[in-house]
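Right, one structure below, let's go through it.
The values are calculated or read from the model by the stated rules, or taken from the named source; none is laboratory data. Remember, predicted model here, so these are calculated numbers, not experimental data. Reconstructed Cβ throughout: ideal geometry from the backbone, glycine too, with neighbour counts over all protein chains shown.
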Amino acid sequence: MSDFPKPLARADATAQLEALAGGAISAKALLAEHLEAIARRDAALGCFWHLDPEGAMRQAEEADQRRLAGEARPLEGLFLAVKDNIDVRGMPTTAGMATRRGRIAADDAEVVRRLRAAGAIILGKLSMHEAALGADNDNPHFGRCHNPHRLGYTPGGSSGGSGAAVAAGLVPIALGTDSMGSVRIPGAYCGVFALKPSLGLVSTRGVVPVSARLDTVGWLARSARDLRLFLPILAGFDPSCPSSREIPLAAVAPPERLLALHPQGDCEPKVREAFARALAACRSIAARIAEEALPDGEKLARWRRAGLLLCEAEMLNVHEQDWRERPDLFSDRLRSMLRFAEARSAAELARALLRIDEARCFLFERLAEAEALIMPTTPQRAFAFGAPVPADQADYTCLASLAGCPALQVPIAMEAGELPAGVQLIGRPGSEAHLIALAEALASAFEPSIHAIEPVP
């Protein structure tokens, strides 16, 4: 056991699986570490909305028996948690909405079914922004989730509970969803890795929708190598999911050409500094790096608002009955967004789709000349609850979502006591393995390693 960090619950998922496989720890003992960490830290953080220790213990005992019998599956005994808009059989699926209190999932979402079949154990459901339509995780119905690096600050959203739980060492890896940046924004604010896969690569069946054209299920982890664990398990065509697509995964190849997209306008100096450090590290990785400026803030805002309008309009259908019968249970903010969508004409919605296509073309034109793009993940770092919420939180993350491309958030370690920042790698559809390898190389170029980011106790 001396070869592994103590407590092992703070290690990444790869190290935990190695310890389980080598007999250094049992799944039951690992569960005890996770539950101790949750009991000690989560009252202040608010990551978990539902915890299933009894069910997890039963599954941990089964995992230990499988290992003894030589029948261990790839993720045998690994504990994870799931954003509360993803169905887990027998657990609530609130999507952070008062209208959905008490709704218990009858079946697992397809992603959960696949993870269970690989031996993973679902520990519980995690905090999120109301309806997954926002990025500060200040939920008016279920309470705030705090950033583990600084209490009183947002963890980002909408998968804020997922980012905070991983950063705090409560679980090594967590599922989230991403329609406009909702795994990458909390990844950047909380200092963890996060992957949004190609649109259609991972099934969204059993997920409360935001937008069929934009929704993806992603995952957040403590290391880049952990992102690879889930990829072969979750990727694959699901004939019962309307948005699922047959997308071949490209083989990993050494990066030859990177394109750096520099921010214009309002971008926090510390974020610019982190991006410059990441770009300097990239020069030792790629054979050629080209550079250009991102579009100006107004163009980015037009693209972001087009994607947001699509989400708002589709959610009128998703929550139609509740919206018609119980509008008072929607927060003032969400009610205002849905009413805005109701008032839009067909021509305005068509114009939004044209702008989305414009953003898609912008990204693919650049990916025709480079294997990957690198840019900041967000224009700012985490901010205090009660401060004005920046309108441009998703200006950089929306690009990959609108284009359907995979995108990977890489945390950049800052000075002691500083909030983390992040950079984003974007590739062509199916290039997830390539992006993960690039993220690993980028992480290893830093001293100390970005894997070593730890939240403030």
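Go over the candidates LEU261, LEU300 one by one and state the one that is crowded, with 16+ Cβ neighbours inside 10 Å, in contact with a Lys or Arg (Cβ under 9 Å, 6 or more places away or on another chain) and either farther than 30 Å from ALA445 by Cβ or not small (Gly, Ala, Ser) (or both).
Just a single option satisfies the conditions, and that option is LEU261.
Of all residues in the stretch 396-409, which are in a loop (DSSP other than H, G, I, E, B) and more than 19 Å from PHE193 (Cα to Cα)?
GLY404, the sole residue that qualifies.
When you scan the stretch 363-391, how many residues do you find that are of a type in the set (Asp, Glu), assigned to a loop (DSSP other than H, G, I, E, B) and surrounded by fewer than 18 Cβ atoms within 10 Å (Cβ to Cβ)?
Result for the stretch 363-391: 1.
Out of all the residues in the stretch 339-353, is one or more in a helix (DSSP H, G or I), within 26 Å of the chain's Cα centre (by Cα) and free of Cβ contacts under 8 Å to residues at least 12 places away in the same chain?
no
With the requirement that a residue be over 30 Å from ALA27 (Cβ atoms) and in contact with an Asp or Glu (Cβ under 8 Å, 6 or more places away or on another chain), what does the stretch 160-198 give you?
Matches in the stretch 160-198: SER179, ARG184, SER198.
Taking the stretch 302-320 only, how many residues are over 21 Å from the mean Cα position of the chain (by Cα) and of a type in the set (Gly, Ala, Ser)?
Qualifying residue count, the stretch 302-320: 2.
For the stretch 281-319, enumerate the residues that are in a helix (DSSP H, G or I), within 23 Å of LEU367 (Cβ to Cβ) and out of contact with any Cys (no Cβ under 8 Å at 6 or more places or on another chain). Outline the logic, then answer.
Initially, the stretch 281-319 is screened for residues in a helix (DSSP H, G or I), giving 281-282, 297-318.
Those left that are additionally within 23 Å of LEU367 (Cβ to Cβ): 281-282, 297, 299-304, 306-307, 310.
Passing the criteria: ALA281, CYS282, GLY297, LYS299, ALA301, ARG302, ALA306, LEU310.
Just checking, how many residues over the stretch 381-413 are modelled with pLDDT of 95 or more, over 13 Å from the mean Cα position of the chain (by Cα) and over 17 Å from GLU298 (Cα atoms)?
13
Is it the case that the stretch 411-433 has a residue that's within 19 Å of ASP178 (Cβ to Cβ), of a type in the set (Asp, Glu) and in a helix (DSSP H, G or I)?
Yes, there is a match, as at least one residue in the stretch 411-433 is within 19 Å of ASP178 (Cβ to Cβ), of a type in the set (Asp, Glu) and in a helix (DSSP H, G or I).
Condition test on ALA105, is it touching a residue at least 60 places away in the same chain (Cβ under 8 Å), over 20 Å from the mean Cα position of the chain (by Cα) and surrounded by fewer than 19 Cβ atoms within 10 Å (Cβ to Cβ)?
Spelling it out, ALA105 is indeed touching a residue at least 60 places away in the same chain (Cβ under 8 Å), over 20 Å from the mean Cα position of the chain (by Cα) and surrounded by fewer than 19 Cβ atoms within 10 Å (Cβ to Cβ).
Of the residues GLY161, GLY77, GLY55, which single one is closer than 16 Å to ILE173 by Cβ and over 20 Å from the mean Cα position of the chain (by Cα)?
Numbers: GLY161 fails: over 20 Å from the mean Cα position of the chain (by Cα); GLY55 fails: closer than 16 Å to ILE173 by Cβ.
Just a single option satisfies the conditions, and that option is GLY77.
Taking the options SER162, SER240, SER182, SER203, name whichever one is modelled with pLDDT of 95 or more and under 22 Å from ARG305 (Cβ atoms).
SER182
Is it the case that some residue within the stretch 228-242 is closer than 15 Å to LEU438 by Cβ and surrounded by fewer than 19 Cβ atoms within 10 Å (Cβ to Cβ)? If you could, list the steps in order and put the result at the bottom.
Here is the first cut: in the stretch 228-242, the ones closer than 15 Å to LEU438 by Cβ are 228, 231.
Restricting the remaining residues to those that are surrounded by fewer than 19 Cβ atoms within 10 Å (Cβ to Cβ) gives 231.
Checking the stretch 228-242: at least one residue is closer than 15 Å to LEU438 by Cβ and surrounded by fewer than 19 Cβ atoms within 10 Å (Cβ to Cβ).
From the list ARG213, ARG283, ARG225, exactly one residue is in contact (Cβ under 8 Å) with a residue 60 or more places away in the chain and over 24 Å from GLU314 (Cβ atoms). Which is it?
ARG225
Inside the stretch 404-424, can you point out the residues that are surrounded by 24 or more Cβ atoms within 10 Å (Cβ to Cβ) and touching a Phe, Trp or Tyr at 6+ places or on another chain (Cβ under 9 Å)?
Passing the criteria: CYS405, LEU408, GLN409, VAL410, PRO411, ILE412, PRO420, ALA421, GLY422, VAL423, GLN424.
Would you mind listing the helices (runs of 4 or more DSSP H) fully within the stretch 1-116 where at least 1 residues are more than 23 Å from SER223 (Cα to Cα)?
Of the helices (runs of 4 or more DSSP H) lying wholly inside the stretch 1-116, those with at least 1 residues that are more than 23 Å from SER223 (Cα to Cα) span 27-45, 53-68.
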